[in-house]
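These notes concern the structure reproduced below.
The values are calculated or read from the model by the stated rules, or taken from the named source; none is laboratory data. As the structure is a prediction and not an experimental result, all values here were calculated from the model. Here the Cβ positions follow ideal geometry from the backbone for every residue, glycine too, while neighbour counts run over all protein chains shown.
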Amino acid sequence: MKTLKRIVTIGILSAFTLGACSAPSSHSGVEGKFESIKNSDIQLRAFLQDMPKGGDLHNHLHGAVYAESWLDWAVEDGMCIDPQQRAITFPNGDGCGDFPTAKNALATDQGLRNEIIDMFSVRDFIPTTGWSGHDQFFRTFPLINAMPHRFGDMLADAANVAGEQNLGYLELLHTMELFETILPMVIATPMSGDVAADYDTLMSGPFGKALPEIIARAKANLDAAEIRKNEILACGTENAKPGCDVEIRFLHQPVRTLPPSVVYAHTIFGWHLMKEDSRFVGTNLVAPEDDFVALRDYKLHMAQIDYLYENLGERNVSLHAGELWLGLVHPKELRFHIHDAIKVGHAKRIGHGTDIVFETDYKNLLIYMAENEIMVEISLTSSDAILGIKGSAHPYEIYKAAGVPMAFSTDDEGVARIDITHEYMRAVKEHGVSYADLKTATYNSLKYAFVDAETKKKLIDSLDARFLVFESKF
């Protein structure tokens with residue numbers, strides 16, 4: 001069978017879905033309904049919004065929160081507004097100093113509120129000379145701040161948006177204990193580039209000694225956030241909101257644009273956190289893949305992950321890889337990122353994978369991904385906003401033809417001003433995705449989730465039942 005797949009994939013990359021999750025057969029009536037309304041945007045929206053969905057496996061918690069929520073929390077918590085930068089800032093001993101409080105700045109100035117929302121997102125954004133969607137997208141994050149206790153509010157926000165879309169599972173990418181703890185502790189630690197020696201250096205220093213305490217604090221903060229989330233959503237009461245029904249797990253996310261000592265130490269922290277807390281089910285490097293430091297250290301980061309994987313034990317790895325395009329970087333950077341993420345970094349899933357056709361020997365790489373069920377997290381709006389890649393320029397059809405499993409995800413839905421239903425709609429409108437394809441992608445989003453086997457079975461059983469109810473309407 002593998003030989004047949006190799007011949008067919010290399011020869012014509014024909015459109016079949018070997019290796020993809022097989023969804024239960026669709027009711028003929030629902031497929032007919034889908035075909036009859038797929039060219040009407042509003043009817044398609046209503047149909048897909050009601051359609052049961054599995055999981056969102058690529059969803060950054062900070063990017064998932066809409067600007068309006070950040071502003072509401074800023075007002076409630078006495079935060080400040082930098083009117084020139086259009087940023088939320090923390091008060092100090094003198095309050096906000098020369099800056100207005102968020103409450104005063106936003107109370108009557110709708111124009112300022114609109115400008116901040118635009119700065120915190122890609123709403124109404126139009127690229128101009130010297131300022132691209134890529135610039136706008138990544139510029140948002142330094143402008144956003146909230147008090148630490150808002151972690152639970154963020155969870156409630158993301159969970160409820162998911163629940164209202166009939167989504168059953170979220171894997172939220174989230175960074176803990178980095179800037180306030182690990183970065184100042186290790187930033188001056190010299191690294192040799194020998195990942196084994198550097199591991200020993202980090203673990204024998206202050207970081208290694210403090211690691212148990214850091215992990216304990218992270219777990220306690222997550223405990224408190226979950227309690228807060230459940231309170232906000234009234235979970236367990238007759239007034240429970242849709243987000244209460246969404247199962248949530250987390251992916252640890254080191255920031256790949258920081259110095260090697262910081263990336264390595266934070267990755268080590270995540271490796272131990274995943275072992276000690278089942279709510280953290282995987283890891284993923286984040287930040288712009290085209291950043292100078294991220295490019296310079298790409299192979300080093302893969303080697304760091306490989307060392308931990310081989311010496312501290314296997315963990316689930318999903319990596320942003322190939323979120324690049326011709327013209328954004330030197331062509332040499334397009335040749336190996338996806339390959340190395342899989343072959344060196346042990347990635348079981350690839351985030352974006354946009355530049356796949358530029359990879360050296362990409363056809364054999366596609367075969368390997370199909371045969372080993374390396375799933376691709378497809379974020380259509382994100383690829384459009386950041387890279388300008390959409391429609392037939394996007395490699396969706398390449399992956400589908402090769403039999404590589406895929407699932408749709410939002411990436412940063414608050415920044416992009418979207419939801420998961422919107423991504424399903426884009427798949428239909430831009431790629432002619434059928435109802436059966438959508439259903440397969442929905443099941444893939446649970447099949448390739450990093451959640452434990454018992455919970456995964458529960459989620460898939462629930463999805464089966466919800467599809468039976470949904471399809472019986474047609």
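Listed values, structure above:
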item: Where residue 381 falls short, out of the listed (1) under 22 Å from residue 126 (Cβ atoms); (2) of a type in the set (S, T, N, Q); (3) over 22 Å from the mean Cα position of the chain (by Cα); result: (3)
item: Residue check for residue 360: surrounded by fewer than 23 Cβ atoms within 10 Å (Cβ to Cβ) and in a loop (DSSP other than H, G, I, E, B); result: yes
item: Subset of the range 150-163 (residues that are out of contact with any Asp or Glu (no Cβ under 8 Å at 6 or more places or on another chain) and within 18 Å of residue 48 (Cα to Cα)); result: 160
item: Helices (runs of 4 or more DSSP H) fully within the range 167-283 counting 3 or more residues that are farther than 21 Å from residue 148 by Cα and not polar (S, T, N, Q); result: 195-203, 206-232, 260-276
item: Matching residues in the range 32-77 - criterion: being touching a helix residue (DSSP H, G or I) at 6+ places or on another chain (Cβ under 7 Å), surrounded by fewer than 17 Cβ atoms within 10 Å (Cβ to Cβ) and in contact (Cβ under 8 Å) with a residue 60 or more places away in the chain; result: 45, 50
item: Any hit, the range 231-246, residues being basic (Lys, Arg) and touching a residue at least 60 places away in the same chain (Cβ under 8 Å); result: yes
item: From the options 324, 366, 312, residue that is more than 30 Å from residue 121 (Cα to Cα), assigned by TED's automatic domain parsing to the domain that holds residue 254 and in contact (Cβ under 8 Å) with a residue 60 or more places away in the chain; result: 366
item: Meets criteria (touching a Lys or Arg at 6+ places or on another chain (Cβ under 8 Å), in a loop (DSSP other than H, G, I, E, B) and buried (at least 19 other Cβ atoms within 10 Å of the Cβ)) for residue 289; result: yes
item: Tabulated pairs, the range 129-149, first within 21 Å of residue 76 (Cβ to Cβ) and in the same structural domain as residue 113 (by TED's automatic domain parsing), second modelled with pLDDT of 95 or more and of a type in the set (A, V, I, L, M), C-beta under 6 angstrom, 6+ apart or interchain; result: none
item: Top-ranked residue of the range 266-285 - restricted to ones that are of a type in the set (Gly, Ala, Ser) and crowded, with 24+ Cβ neighbours inside 10 Å, ranked as farthest from residue 315 (Cα to Cα); result: 270
item: Residues located in the range 382-402, provided they are more than 30 Å from residue 70 (Cα to Cα) and assigned to a helix (DSSP H, G or I); result: 391, 392, 393, 396, 397, 398, 399, 400, 401, 402
item: Count of the range 292-331 residues which are part of a helix (DSSP H, G or I), within 24 Å of residue 250 (Cα to Cα) and among the charged types (D, E, K, R); result: 2
item: Scope the range 105-130; condition hydrophobic (A, V, I, L, M, F, W, C) and assigned to a loop (DSSP other than H, G, I, E, B); matching residues; result: 120, 122, 125, 126
